[in-house]
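Below: the structure, in structure tokens.
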Amino acid sequence: PVLVESLLVFVIVLSVHAVVWDRFSWCTVALAIQAFYVQFKWDRLLQLGGAVFQFRGAANSGLLPASMVIPLLGVVMKERCRAAGIVYFERFGIVVASTGMLLALFLSVLAVGITKPVPTNTCILTGIAGSIIIYTMKHSLTVSEVIEVLEVLLIFVYLSMILLYLLPRCFTPGEALLVLGGVSFVLNQLIKRSLNVIEGRGDPIDFFLLVAVVGVVLLGLFFTVLFTFLDSGTWISSMFFHMMTAVLGLGVIMPWLYRLIQRNPLFWLLQFLFQTQTRLYLLVYWTFLAASACGVVFYQNAKRSSESKKHQASTITRKYFHFIVVATYVPGLIYDRQLLYVAAVLCLAVFVFLEYVRYFRIKPFGQTLRHLLSLFLDERDSGPLILTHIYLLLGMSLPVWLFPRSCAPKGTLPGAGALVPYSGVLAVGVGDTIASVFGSTMGEIKWPGTKKTFEGTMTAIFAQIIAVALILIFDSSVNLNSSYAWILASVSLVSLLEAYTTQIDNLLLPLYLQIMLMA
């Protein structure tokens, strides 16, 4: 399975660079080759228990697929913005690609450094790849951009040491690279923009995302340190938790956001949410769907208590939430993407806050949340945190958040790029859901070395093609310009990757589909 997964990633890398070939292509190919070799060193370390931190079990390291995501995103973003003539975001894409390569290279060097005896051939490959990357960065980045890349690397190193120690068995090395690398980049962007505030420059919804992500991470770090010395399950600790959340929110996060958007954040948010009648209808509809999701949780738990204490939700039951999320995102993508952008940020902040309440057993809802959510655990939730629902939200939202709006004339990209905001809906909401449902109920022919079935994968590809046709019918802004073969190839490669990867597919698949469609 690891070899097939690696082969699929190589095919995606070569497909992207067949369309977008420049000096960064050599770096990406060199990085992919060395990540393929280092991946086996990480796998061996995980099997022998020789890794520095405790990583998630029942999965390989995932270094190769994770190492390619950020560099490829940067490369395709650079090309799209260069074609649109937006120099600022073209340079931003170069910084993203360089940062992703350096973070992946650091993780590779770490694995090689702690492997005993030192693997000579892998060291040589890592050295060659590192030399190519550093040489290209030297001739592509300005001094300020080099400093920015090194700042992200520094934040990543410190954040990894803290979070991987505090949260054992929550990530594989590849997932840690994606999640912590993304958080490090967001934190660096927020610091950079806070120090260089120019009134009227920048979209408030972008600042809202940056402040929300950094705010919830800082909140978690603060309470993790605090509850190391206090019992979090008492009423006094719970009252202190709610009080300090309000203090940090109103005393730090709100003023920070005010400095960036130059207006009262609460008034701006209320004005934004209720600006048009369409937004009001969408908010009412989303409230109904959220209540339906809560109803599913309560119903399944009532069913568990009446049947058996050991009852666990089936795969099909867990996919109910995928259907609800698709029903949530599709109207937002068609009618108001900016509202969907902000609503997804708010939902992420709420999800992470509720996870803190559950993890720290904060009264009065902490223990109740532990009981309700334990029904929906699977083998990927082996650590102290339950992250699968947050990954589902991220997988659906990242294509919306990462869509290069400034480089898209009339709000959409030409050709297959018009489907980029729908990447999460297609890969996770439709493809992964249909593959799981049909594979678990009717699948008989298994892919070699996996539990996934041929029938599930083929049905997923077919369902995504039907979904693309429906998007063409209902979303008038989408014009594919006869790029159907590329879309079919993209959907097929990502569906095959879903069958073979042991990483969090909710996070990985939408990003790869977005990369392919943007290319």
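The values are calculated or read from the model by the stated rules, or taken from the named source; none is laboratory data. Since the structure is predicted, the reported quantities are computational estimates derived from the model, not experimental observations. Ideal geometry is used to build each Cβ from the backbone, glycine not excepted, and the neighbour counts take in all protein chains shown. Note: accessible area is taken over every heavy atom of the protein model, side chains too, but ligands, DNA and RNA are not part of it. Shrake-Rupley method; radii C 1.70, N 1.55, O 1.52, S 1.80 Å.
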Give the calculated FRET efficiency between residue 191 and residue 165 to the nearest 0.05, with a Förster radius of 25 Å applied to their Cβ-Cβ distance. 0.60
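Can you tell me which of 439-448, 114-123, 409-418 comes out highest on packing, and rank the rest after it, using the mean Cβ neighbours within 10 Å? Please list the in-between numbers first.
Numbers: 439-448: 14.2, 114-123: 12.6, 409-418: 16.9.
Averaged packing, sorted descending, gives the order 409-418, 439-448, 114-123.
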Mean separation of Cα pairs under 8 Å and 6+ residues apart, divided by the residue count of the chain: what relative contact order is that in percent? 18 percent
Binning at 10 angstrom from zero up to the longest distance, how are the C-alpha pair distances of segment 85-198 distributed in percent? 12, 39, 34, 13, 2, 0
Taking K and R as +1 and D and E as -1, what net charge do the other residues with C-beta under 14 Å from the C-beta of residue 319 add up to? -3
Amide hydrogen neighbours beyond the local backbone of residue 446, cut-off 5 Å, H modeled: 454
So with the 1.4 Å probe, I'd like the accessible area per residue for the chain, rounded to whole Å². 44 Å²
Apportionment of accessible area to carbon and sulfur, segment 1-97, percent (1.4 Å): 66 percent
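Tell me the mean residue ellipticity at 222 nm calculated for the chain from its helices only (DSSP H runs of n ≥ 4, each -39500 (n - 2.57), averaged over every residue, nearest 500). All intermediate terms of the calculation are to be shown ahead of the outcome.
Working: 20 runs with 378 residues, N = 519.
That calculation yields -25000 deg cm²/dmol at 222 nm.
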For residue 502, residues with placed amide H under 5 Å, excluding near neighbours: 60
14 Å beta-carbon shell around residue 426, net charge (K/R +1, D/E -1): -4
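Under the Kirkwood approximation applied to all pairs of distinct alpha-carbon atoms, what is the hydrodynamic radius of the chain in Å?
Details: mean 1/r = 0.0419 Å⁻¹.
Mean inverse Cα-Cα distance, inverted, gives 23.9 Å.
Are any of the pairs 41/451; 41/446; 303/446; 78/192; 319/446 more than 23 Å apart by Cα-Cα distance, and if so, which? Please report the intermediate quantities before stating the final value.
Numbers: 41/451 25 Å; 41/446 28 Å; 303/446 32 Å; 78/192 20 Å; 319/446 21 Å.
Result: 41/451; 41/446; 303/446 exceed 23 Å.
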Using mean Cβ contacts within 10 Å as the protection proxy, how do 371-382, 26-37 order, highest first? 26-37, 371-382
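Once the other residues with Cβ under 13 Å from the Cβ of residue 365 are scored (Lys, Arg +1; Asp, Glu -1), what is the net sum? Display every interim value, and only then the final one.
Working: positive: 358, 361, 363, 370; negative: 355.
Once positives and negatives cancel, what remains is +3.
Using only C-alpha positions, report the orientation-averaged shadow area of the convex hull of segment 1-189, nm², one decimal.
Working: hull surface 41.1 nm².
Taking a quarter of the hull surface, the average projection is 10.3 nm².
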Work out the charge dipole of segment 1-189 with +1 on the Cβ of Lys and Arg and -1 on the Cβ of Asp and Glu about the Cα centre, then indicate which of 124, 171, 100 is farthest towards its positive end. 124
Tell me the label-point distance for the pair residue 120, residue 289, using the 7 Å Cα-to-Cβ offset, in nm and rounded to one decimal. 5.8 nm
Rank-order 76-84, 163-171, 43-51 by packing density, defined as the average count of other C-beta atoms within 10 Å over each peptide's residues, highest first. 76-84, 163-171, 43-51
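Within segment 194-282, list the trypsin sites (Lys or Arg not before Pro) lying in a DSSP loop whose Cβ has at most 13 other Cβ atoms in a 10 Å radius.
Working: sites: 201, 259, 263, 279; in loops: 201, 263.
Answer in residue order: 201, 263.
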